[in-house]
Amino acid sequence: MILEAVVPFRSRDVGFKLALEDWEVASYYRLRRRIFCDEQRLFPADDRDTVDDRALPIVAVSRVAGIPDDVVGVVRVWQEGAGLWWGGRLGTHPEHRRNGTIGPGLVRLAVRTACRRGCSRFRATVQLPNVPLFERLHWRAIGDARVCDIPHALMEADLDHYRAGLP
Ligand SMILES: CC(C)(COP(=O)(O)OP(=O)(O)OC[C@H]1O[C@@H](n2cnc3c(N)ncnc32)[C@H](O)[C@@H]1OP(=O)(O)O)[C@@H](O)C(=O)NCCC(=O)NCCS
């Protein structure tokens with residue numbers, strides 16, 4: 001008898017929003033821990049820091065039959081000075097990666113959320129393997145950085161691209 005591997009169901013119906021509900025915020029931190037502590041081992045047990053006191057949490061939420069089901073992507077945005085905003089902790093659940101929608105959708109909502117709040121520059125420190133992804137998303141490298149003792153690229157978003165269609 002030949003048993004065929006069953007591919008687990010993963011909903012492709014995903015929406016992007018600020019995490020406002022308690023379950024969304026709890027799932028946002030849980031997924032961050034899974035990615036940045038358990039998977040990447042950048043932090044030992046908890047990746048929360050003081051930025052979280054003022055950052056806006058953004059989530060990708062998968063839906064099943066139109067009903068919100070799970071947080072499958074995360075990113076946070078925060079303001080550092082006049083007009084200067086940052087994004088960080090971008091992550092997609094490992095089982096939902098590489099479908100061309102979640103990472104790009106999170107980046108788009110992150111930058112547009114900041115634009116709606118008066119952002120004139122939007123930056124992030126990007127892990128080097130992800131630089132091509134960000135370049136495809138209309139970002140450019142403007143310098144080097146070290147985060148958690150790992151080399152990163154300091155990158156900036158092309159706001160003209162992200163502001164399109166905003167009031
Ligand atoms: C970086 C990350 C957020 C990207 O999220 P994602 O939702 O997988 O983003 P995409 O779906 O656009 O996929 C990105 C990659 O899949 C590829 N891809 C996209 N659609 C694809 C498809 N239909 N078939 C095959 N590959 C595809 C893209 O070309 C890209 O590959 P590349 O990185 O080699 O250029 C995710 O990989 C992640 O969480 N990584 C761990 C945490 C991390 O590194 N965070 C970023 C810190 S800067």
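The values are calculated or read from the model by the stated rules, or taken from the named source; none is laboratory data. This one's a predicted model, so the numbers in the text were calculated from it and none came from an experiment. Methodologically, a virtual Cβ is constructed for each residue, glycine included, from the backbone with ideal geometry; neighbour enumeration extends over all protein chains shown. To get the accessible areas, we keep the full protein, side chains included, count just its heavy atoms, and leave off ligands, DNA and RNA. Shrake-Rupley method; radii C 1.70, N 1.55, O 1.52, S 1.80 Å.
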Report, to the nearest whole %, how much of the accessible area of the stretch 14-163 belongs to carbon and sulfur atoms, 1.4 Å probe, protein only. 49 percent
Work out, step by step, the length gained on full extension between Ala82 and Val7: first 0.36 nm times the residue separation, then minus their alpha carbon distance; give nm to one decimal. 22.2 nm
What nm value, rounded to one decimal, do you get for the distance between Arg98 and Arg34 when each label is placed 7 Å out toward the C-beta? 1.8 nm
Leaving out ligands and nucleic acids, note down the accessible area per residue over the stretch 14-163 with a 1.4 angstrom probe, in whole Å². 52 Å²
Taking a ≥ b ≥ c as the square roots of the Cα gyration tensor eigenvalues, with a/c under 1.5 meaning rounded and otherwise prolate when a/b beats b/c or oblate if not, the stretch 1-84 comes out oblate
Loop only per DSSP, at most 16 neighbouring Cβ atoms within 10 Å: give me the trypsin sites (Lys or Arg not before Pro) in the stretch 20-82, ordered by residue number. Arg41, Arg48, Arg54
FRET efficiency for Leu42 and Glu21, using Cβ-Cβ distance with R0 set to 25 Å, rounded to 0.05: 0.40
Mean projected area (nm²) of the alpha-carbon convex hull when the stretch 14-163 is viewed from all directions: 8.9 nm²
Note on the chain: contact order normalised by length, alpha-carbon pairs under 8 Å, 6 or more apart, percent, works out to 17 percent
Most to least packed among 156-162, 85-91 [average Cβ atoms within 10 Å]: 85-91, 156-162
In nm, to one decimal, how far is the His161 label point from the Asp52 one, both placed 7 Å along Cα→Cβ? 3.1 nm
